[in-house]
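Please read the structure below before turning to the comments.
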Amino acid sequence: MKERPTRALIFGMVVFSIGTFLFLFSRYQYQKAASENYRPMEEIEQSDETFLLQRRKEEIMENSFSTSIELGEEYEKQSLLGIASDKYFDAKSIYPTAIKPRMALSRIYYQWAMVEPSYCWIAQKEVLFAMKYVNMGQYPDEYSELLVMKAGLNRQCGTNKNYAFLEQFENEMIEENK
């Protein structure tokens, strides 16, 4: 009688051992296969055609932006403000939230408006749009410069009553930067 429980116990231990061995072996094989087939995300992205096209597009945009800024600075040094303003406008069109082309364009339009009143409207508009992107907390010097330009334009040109949205836009900018 004592043999039966011992045989059953031994049989149970053998089955348990074989089951444990099979489980651990299959787990090992799974980990091995997973590690052999593993490719880092960067490698997958680099081989993906869509990713390559997107990266190429970003490189072209960055290159165009840098070239436009460099040409704008070069023409500005040569006092060719018309061409410089076109280059800064191109750069601003590529990255609308970039501060450098907005500030440069605002300075050029401000200079023109101080000499020729027909540029008042575009200068006021550009200064206000620059104020939208130049946050007082992040760029205090640039924001102060824009406030000085805005005040100078208001003195030189007055407020433009023909474009009511400018006043509304100006009030929104003041509220955002409080």
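Things to note:
- Subset tally (residues that are assigned to a helix (DSSP H, G or I) and closer than 16 Å to Val134 by Cα) for segment 94-122: 9
- Selection count where residues are more than 10 Å from Ala91 (Cα to Cα) and touching a Phe, Trp or Tyr at 6+ places or on another chain (Cβ under 6 Å), scope segment 50-68: 0
- The listed residues are Tyr88, Tyr109, Tyr119, and the only one of them that is more than 26 Å from Met61 (Cα to Cα), surrounded by 17 or more Cβ atoms within 10 Å (Cβ to Cβ) and in contact with a helix residue (DSSP H, G or I) (Cβ under 6 Å, 6 or more places away or on another chain) turns out to be Tyr119.
- Criterion: over 27 Å from Glu74 (Cα atoms), touching a Cys at 6+ places or on another chain (Cβ under 6 Å) and either at pLDDT 80 or above or acidic (Asp, Glu) (or both) - qualifying residue of Cys157, Cys120: Cys157
- Any chance Glu145 is surrounded by 15 or more Cβ atoms within 10 Å (Cβ to Cβ), of a type in the set (Asp, Glu) and more than 24 Å from Thr67 (Cα to Cα): yes
- Segment 49-61 residues that are modelled with pLDDT of 90 or more, paired with ones that are part of a helix (DSSP H, G or I) (beta carbon under 6 Å, 6 or more apart): Met61/Ile94
- Residue under evaluation Met131, criteria (1) closer than 30 Å to Lys57 by Cα; (2) modelled with pLDDT of 90 or more, criterion not met: (2)
- Verdict on Thr67 being of a type outside the set (Gly, Ala, Ser), modelled with pLDDT of 85 or more, out of contact with any strand residue (DSSP E or B) (no Cβ under 9 Å at 6 or more places or on another chain) and part of a helix (DSSP H, G or I): yes
The values are calculated or read from the model by the stated rules, or taken from the named source; none is laboratory data. On a predicted model such as this, the values are computed, not experimentally measured, just so you know. FYI the Cβ positions are ideal-geometry reconstructions off the backbone, even for glycines, and counts take in every protein chain you see.
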